[in-house]
Amino acid sequence: MSWDFPKPFTLPRIPVAEDIDGLNHVNNAAYIRWCEGVAWGHSESLGIAMTDYQRIDRAMAIRRAEYDYLLPALEGESLTLATWLVACDGRLTMERRFQLIRDADGATLLRGCWHLVCIEVSSGRVRRMPPEFI
């Protein structure tokens, strides 16, 4: 597969009937749910689970999300969703990227970007990143 960045964290996706909208392709809301799922999976693979966020009272929250829907996905297609952390200022912000590829032909169906900011979970206020995040 032709990934936008090296060493992606990936999860397979196969759209089911509940993912399909009135235009007979995957609804944009399903893509957003899938991005959230792969991001959590990536975080856990890096050793930071929800219990860790609660314990250290810090988390990365989405400040801005961008999605480019390039081609439709259909029910039953085999897809692979990838994510990367591509930027970190070491203090407050990170950037996470996404790419969804159709396995059959390698076509990129979606690209996404989250601009993240570190928050204190208990208050929701912006706070400096803990060492675990850097």
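What FRET efficiency do you get for Glu66 and Glu120 if R0 is 41 Å and r is their Cβ-Cβ distance, rounded to the nearest 0.05?
Here the calculated transfer efficiency is 0.95.
For a quick check of understanding: with a 1.4 angstrom probe and all protein chains in place, what accessible area in square angstrom does Thr10 have, to the nearest ten?
Roll a 1.4 Å probe over it and Thr10 shows about 60 Å².
Could you state the number of Å between the C-alpha centres of the stretch 62-128 and the stretch 1-51?
If you average the Cα positions of each part, the centres end up 9 Å apart.
Multiply the residue separation of Asp89 and Cys113 by 0.36 nm, subtract the distance between their alpha-carbon atoms, and state the gained length in nm to one decimal.
Gain on stretching Asp89 to Cys113: 7.0 nm.
Could you give me the radius of gyration and the Dmax of the stretch 17-134, taking only the C-alpha atoms into account and expressing both in angstrom?
Computed over the Cα atoms of the stretch 17-134, radius of gyration and Dmax are 15.9, 46 Å.
May I ask you to derive the FRET efficiency for Ala17 and Met50 from their Cβ-Cβ distance with R0 = 25 Å, giving the value to the nearest 0.05?
After rounding to 0.05, the efficiency reads 0.30.
Roll a 1.4 angstrom probe over the protein heavy atoms and tell me the percent of accessible area of the chain that is carbon or sulfur.
52
Per residue of the stretch 97-111, what does 6.51 cos²θ - 1.76 cosθ + 1.60 with θ = phi - 60° give for ³J(HN,Hα)? Whole Hz please, x for Gly and Pro, Karplus curve as stated.
10, 9, 8, 10, 10, 7, 4, 4, 10, x, 6, 7, 9, 8, 10
When only the heavy atoms of the protein chains count and the probe is 1.4 Å, how do His115, His42 rank by accessible area, highest first?
The ranking, largest first, comes out as His115, His42.
Calculate, for the stretch 34-134, the solvent-accessible area per residue in square angstrom, rolling a 1.4 angstrom probe over the heavy atoms of the protein chains.
Normalised by residue count, the accessible surface of the stretch 34-134 is 51 Å².
The values are calculated or read from the model by the stated rules, or taken from the named source; none is laboratory data. Predicted model, so just to flag it, every value in this text is computed and none were measured. Glycine also receives a Cβ, built like all others from the backbone with ideal geometry; neighbour counts cover every protein chain displayed. With ligands, DNA and RNA removed, areas are computed over all heavy atoms of the protein, side chains included. Shrake-Rupley method; radii C 1.70, N 1.55, O 1.52, S 1.80 Å.
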